[in-house]
Amino acid sequence: MTRKLYVKSYGCQMNVYDSHRMADTLAPEGYVETATPDDADLIILNTCHIREKAAEKVYSEIGRMRVLKQEAAQNGRRVLVAVAGCVAQAEGKEIVRRAPSVDLVFGPQSYHRLPDMLARAAHGKVIDTEFPAEDKFDHLAAPSKVATRKRGITAFITVQEGCDKFCTFCVVPYTRGAEVSRPVEKIAAEAARLAGDGVREITLIGQNVNAYHGEGPDGRAWTLGKLLHRLAEIPGLARLRYTTSHPRDMVSELGDSLIAAHRDLPALMPQLHLPVQSGSDRILAAMNRGHTRADYLKLIERLHAVRPDLTLSSDFIVGFPGETEEDFQDTRRLIAEVGFTAAFSFKYSPRPGTPAAEMEQLPEDIKNVRLQWLQNDIDRQQAAHFAGMRGRTVDVLFEKPGLQPGQICGKSPYQQAVHVIAPTTLIGEIHPVTIVEVVGHSLSGTLAGVPRLEPQSELQSEPQYAAAGA
Ligand code: SAH
Ligand code: SF4
Ligand code: F3S
């Protein structure tokens, strides 16, 4: 019997990846994914606990699902509502107490038990927030060719999970557990399969992806740098990225081979997300980040020495307990010094069970003002970076049709969205594009060597590509 599955992901890319793998695992059970919860038989909310707002959002979403569930019940249809992810892990039973319409609650390490949990849900509530001994990745089904094609030509692979760093503000070590790395050959097999099904770019993901130390085919622990070398050999894979990295694992000897990979691997894209959180040594220490401002700057110097065009993005927290105006100005100075081209910035949100939540908190209005200043700084730098792209020719991997007719959209090596007027047959290919203008947070350009085309000229344009040898 075919049943419909609706999965909604919140939070980080690890959740997006997990949601795909849950759908893959339920496919053999007869579940087909649907884009709306309205007609779903099973609704999975894959949740995030990182900040209070993210966690609270879940409860309003559960409220909406309860209404759907009641309506379906009136029509004699049973809808199951499941809460997965980091809120499930952190709050467990509490969720069912607060929201009795929820049928299943399970944490990120239990996804491979989904078919079994669904069978048990027929007889009552299921709550599973254990950290099982077996590796969930060994038991989660691989995507079908059709599913991979539908997801597009870029894909994520989780290579590392969990965190041992215990930054004083963060819930992740509690929700995801200790750092675990998947073995090299399993990752390589997954990557080869994706490449065989048309994927051209893979982003390796992990809460601290550069803490990767998975078992290699030689029985030894391999670094992320070495893993990237292995994956670069896979035919069809044109681009590799990885995220999120921790500066602490980059300054250690683990980082040496990764920095060298940025020099030696053309497939490794010159864009790095390296969260620093703060530019003040006092705050970095209070956060337990395990590195100083000088360590961070030195690291960037080393990266730029091997890959001068590498662009950097980061995460920042403003209003961490005890952050003075001077600390905050140190962060702004660091932003100017590094020249980050993008960043996520957040107001510090006290999280239950974390040490910083017990410290004396700053007033909300200070956090608001600092966030505004910081976001202005970043916006200006980002705008300058985008403006500097005008007239440059960069390789673009085309991913999908654009919003305008005749337009296709792809990414520059620096992860910027680029639009050109070109036929959809180029999707999945890399072509040089000359950037003409900046449109909001994306770029628009022309295929290098081809005159600028107007929208809807898709058909006439095709022979020109052949002529340009693109
Ligand atoms: N492992 C990554 C970050 C994972 S969480 C790292 O260490 O860099 C993603 C981002 O959420 C963090 O970089 C941080 O900027 C933000 N964040 C985490 N906990 C937060 C909190 N309690 N309040 C506000 N922002 C937080
Ligand atoms: Fe959270 Fe710090 Fe671990 Fe990142 S390194 S996931 S911020 S505890
Ligand atoms: Fe959120 Fe969990 Fe990711 S708390 S950011 S979904 S690891």
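Some values worked out for this structure:
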{"item": "Residue, nearest to ligand 2 (Cβ to nearest atom), within segment 141-157, restricted to residues that are free of Cβ contacts under 8 Å to residues at least 60 places away in the same chain and open to solvent by less than 40 Å² (accessible area, probe 1.4 Å)", "result": "Ala155"}
{"item": "Inter-residue pairs, beta-carbon under 6 Å, first in the same structural domain as Leu231 (by TED's automatic domain parsing) and among the acidic types (Asp, Glu) and in segment 158-187, second away from ligand 3 (no atom under 13 Å from the Cβ) and in a helix (DSSP H, G or I), 6+ apart", "result": "Glu179/Ala211"}
{"item": "Residue in segment 97-109 that is surrounded by fewer than 21 Cβ atoms within 10 Å (Cβ to Cβ), within 16 Å of ligand 3 (Cβ to nearest atom) and part of a loop (DSSP other than H, G, I, E, B) present", "result": "no"}
{"item": "Top-ranked residue in segment 1-28 [being more than 12 Å from ligand 3 (Cβ to nearest atom) and part of a loop (DSSP other than H, G, I, E, B); ranked as nearest to the chain's Cα centre (by Cα)]", "result": "Thr2"}
{"item": "Among (1) open to solvent by 50 Å² or more (accessible area, probe 1.4 Å); (2) more than 16 Å from ligand 3 (Cβ to nearest atom) - the single one Lys347 does not satisfy", "result": "(2)"}
{"item": "Criterion: open to solvent by less than 20 Å² (accessible area, probe 1.4 Å) and touching a residue at least 40 places away in the same chain (Cβ under 8 Å) - qualifying residue of Ala336, Ala383, Ala356", "result": "Ala356"}
{"item": "Any hit, segment 190-198, residues being of a type outside the set (Ser, Thr, Tyr) and within 16 Å of ligand 2 (Cβ to nearest atom)", "result": "no"}
{"item": "Arg51, sole failed condition from (1) under 19 Å from the mean Cα position of the chain (by Cα); (2) open to solvent by less than 70 Å² (accessible area, probe 1.4 Å); (3) within 16 Å of ligand 3 (Cβ to nearest atom)", "result": "(2)"}
{"item": "Selection status of Pro363, touching a helix residue (DSSP H, G or I) at 6+ places or on another chain (Cβ under 6 Å) and farther than 23 Å from Gly339 by Cα", "result": "no"}
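Every residue, every condition in (1) among the hydroxyl-bearing types (Ser, Thr, Tyr); (2) open to solvent by 10 Å² or more (accessible area, probe 1.4 Å); (3) within 16 Å of ligand 2 (Cβ to nearest atom); (4) not assigned by TED's automatic domain parsing to the domain that holds Ala357, yes or no:
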position: Asp18; (1), (2), (3), (4): no, no, yes, yes
position: Gly30; (1), (2), (3), (4): no, yes, no, yes
position: Ile44; (1), (2), (3), (4): no, no, no, yes
position: Ala73; (1), (2), (3), (4): no, yes, no, yes
position: Arg78; (1), (2), (3), (4): no, yes, no, yes
position: Gln89; (1), (2), (3), (4): no, yes, yes, yes
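Let's see how each residue does on (1) assigned to a loop (DSSP other than H, G, I, E, B); (2) modelled with pLDDT of 95 or more; (3) in the same structural domain as Thr446 (by TED's automatic domain parsing):
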position	(1), (2), (3)
Pro350	yes, yes, no
Ala357	no, yes, no
Asn368	no, yes, no
Gln375	no, yes, no
Gln381	no, yes, no
Val396	no, yes, yes
Cys409	no, yes, yes
Gln415	yes, yes, yes
Val420	no, yes, yes
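The values are calculated or read from the model by the stated rules, or taken from the named source; none is laboratory data. Every value quoted in this text rests on a predicted model; they were computed, and no experiment measured them. Every residue, glycine among them, receives a Cβ derived from its backbone with ideal geometry; neighbour counts consider all protein chains shown. Just the protein is used for accessible areas: all its heavy atoms, side chains included, with ligands, DNA and RNA removed. Shrake-Rupley method; radii C 1.70, N 1.55, O 1.52, S 1.80 Å.
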